[in-house]
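No lab work stands behind these numbers, since they all come straight from the coordinates. None of the values given here were measured: they were computed from a predicted structure. Every residue, glycine among them, receives a Cβ derived from its backbone with ideal geometry; neighbour counts consider all protein chains shown.
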Amino acid sequence: MKPETMLVRKLPGKVHFGMGMIPRTRLFLNWLFHRQSQTCVACGKLAGHFSEFTGLCTHCSIQIPWIYNIRCVHCGRPTFCPDCVRPDRLARYYICNRSAISYTPMAREWIGQFKYRGNEKFGPLLGEILNRAYQAMRHEFAGHNCTRFKRSLWDVDIVTCVPVSEKRLTERGFNQAQILAEKIAKQNKLPFLSLLVRPQDTGKQSFKSKNERMNTMNNAFSVIPNMVNLMDSFILKAGSQRAMEHMHSVTILLVDDIYTTGSTLQACARVLREKALEQGVHLAIFCLTLARS
Ligand SMILES: [Zn+2]
Ligand SMILES: [Zn+2]
């Protein structure tokens, strides 16, 4: 046998025997990590193909209950809306609400995983879904002027969110509406500012009647101290030319996770507008929610 042939034959054997265990372990860990990273956050199955939404398989992505057609321009409902035509609803403190998806059992499960079980994997996914609704809002209100190179006729000056009480914050460790609002602000290079506080926990609203909710909600929120001054400094820092030109009128995007009756958004918008008006500032409040029940 020629020496060259021996070298060729022995070399793979040496590598396999001497260093094989480390690459094999690494390979196994890589496979394990890869396998976990390829599990869909929603259905938990190994996914061959992923959608454009973080961690979501294509099968789950086609089931997202998007609200495509808005039938109620006030609350963003996709079906006939008997609520917004009621006389007590005509005094609305926000201009309108738009929601990304319908509150189906699947949406409830996803939001519940994020909100109550602290499953952080749902954060990016829900943020991306909400951002779709924000982009649709831009298109709806700014029309064709909304391009990358042209200033939009509809500009949000400040993104804010519905707050949770200290008690809830301690229980959950985070405010889901704030996380979503911060994602919208970051993705769209807008300033985020917590303008509202919730001094007391109002308890489970879902067990109360509509009238009870309204009464409880009316006094549930207050604004942060020096709100108008802080808003001014944030807008100036963000360099919003439109806001600097019209400092007396500021457009607010108020974010929450679920729109049920609108009483929470109404109470938040009311206190925001009233306190700003005391300082001579007019707020135009648009609401953006993840799901419409
Ligand atoms: Zn899936
Ligand atoms: Zn409506």
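The table for this structure:
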item: Potential lengthening between R117 and N215 on full extension [0.36 nm per residue; Cα-Cα distance subtracted]; result: 32.3 nm
item: Low-density loop cleavage sites - chymotrypsin sites (Phe, Trp or Tyr not before Pro) in the range 73-112, where at most 11 other Cβ are within 10 Å (DSSP); result: F80
item: Virtual spin-label span in nm between S233 and Q38, 7 Å along Cα→Cβ; result: 5.1
item: Stretchable slack from S293 to R108, in nm (0.36 nm times residue separation minus alpha-carbon distance); result: 65.6 nm
item: 10 °C / 1.306 mPa s Stokes-Einstein diffusion coefficient of the range 58-292, Kirkwood radius on C-alpha pairs, µm²/s; result: 87
item: Lys pairs, the range 58-292 - Cα-Cα below 16 angstrom, 8 or more residues apart or on other chains; result: 8
item: Separation in nanometres of the label points that stand 7 Å from Cα toward Cβ, at T170 and K186; result: 2.8
item: Calculated FRET efficiency for the pair A142/N69, C-beta based, R₀ 22 Å, to 0.05; result: 0.65
